[in-house]
Amino acid sequence: MIKPTVTPFDPDRLTFHEVDRRRWADLARLFEGRGGPGHCWCMVWRATPQERRGFDGRGRRKAALARRVRRGTPVGILAYLDGKPVAWCSIAPRDTYLRLGAAPVGPGEKVWSLVCFYVINRLRGHGVMKRLIEAAASHARRRGATIIEAYPVDPDSPSYRFMGFVPVFQAAGFREVGRAGIRRHVMRLRVG
């Protein structure tokens, strides 16, 4: 029996785009697809206290993120493969999130937070995270960031795994500057 050859996935085939009004439908398709983060809509670190009181289901979280996109508030980037959205990364100015346990910065610094990730199942373990981090840092730098801050966990962490793992950020040049709670590391990359 002849086994079919499988071409390894090349993460350099990915393209990246900021989520804006034109890309909202792509984000919704990715989040609502099988295994997607449609349960939280990446609002865990964004929701105001007033919004949290109103969250009685997925629809309100989706609506809250959609409002930010309509207003032009940066929320993140999508990775595309052959024109289809396959991964997400939440990257936005730190002040658009609730307190993440961030360390202080010097005057004039513009910090963007790299918070949540989602990669479709079939592409996990193929270098997509590395490319997402690179694309997010490049995107934030173009938008004026001087520092990228991330909050990953150790690979054996029982929670916050959606925020990424410390070794991946270390490999991307991030350095630890503190801790946020008992699991999350605060890591930074200078880009400006």
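The values are calculated or read from the model by the stated rules, or taken from the named source; none is laboratory data. All figures in this text were calculated on a predicted structure; none of them were measured in a lab. Positions of Cβ are generated from backbone atoms using ideal geometry, with glycine treated the same way; all protein chains shown enter the neighbour counts.
Things to note:
- Residue, nearest to Cys42 (Cα to Cα), within the stretch 179-192, restricted to residues that are of a type outside the set (Gly, Ala, Ser) and in a loop (DSSP other than H, G, I, E, B): Arg183
- Residues in the stretch 162-178 that are outside any helix (DSSP H, G or I) and touching a His at 6+ places or on another chain (Cβ under 6 Å): Glu176 alone.
- For the stretch 4-33, filtered to residues that are more than 15 Å from Arg68 (Cβ to Cβ) and buried (at least 17 other Cβ atoms within 10 Å of the Cβ), the residue that is modelled with the lowest pLDDT is Pro11.
- Hey, Ser113 of a type outside the set (Asp, Glu), within 13 Å of Leu189 (Cβ to Cβ), touching a strand residue (DSSP E or B) at 6+ places or on another chain (Cβ under 9 Å) and crowded, with 22+ Cβ neighbours inside 10 Å or not: yes
- Meeting the requirement of 1 or more residues that are closer than 19 Å to Ala136 by Cβ, in contact with a Cys (Cβ under 6 Å, 6 or more places away or on another chain) and not aromatic (Phe, Trp, Tyr), the strands (runs of 3 or more DSSP E) wholly within the stretch 1-113 are 77-81, 84-93.
- Number of the exception - Glu134 against (1) within 23 Å of Arg71 (Cβ to Cβ); (2) surrounded by fewer than 21 Cβ atoms within 10 Å (Cβ to Cβ): (1)
- In the stretch 60-95, the residues that are surrounded by fewer than 16 Cβ atoms within 10 Å (Cβ to Cβ), in contact with a Ser or Thr (Cβ under 7 Å, 6 or more places away or on another chain) and within 24 Å of Lys130 (Cα to Cα): none
- Among residues of the stretch 34-55 being touching a strand residue (DSSP E or B) at 6+ places or on another chain (Cβ under 9 Å) and of a type in the set (Gly, Ala, Ser), the one that is surrounded by the most Cβ atoms within 10 Å (Cβ to Cβ) is Gly36.
- Total residues in the stretch 116-131 satisfying the condition of being free of Cβ contacts under 8 Å to residues at least 60 places away in the same chain and surrounded by 14 or more Cβ atoms within 10 Å (Cβ to Cβ): the figure is 3.
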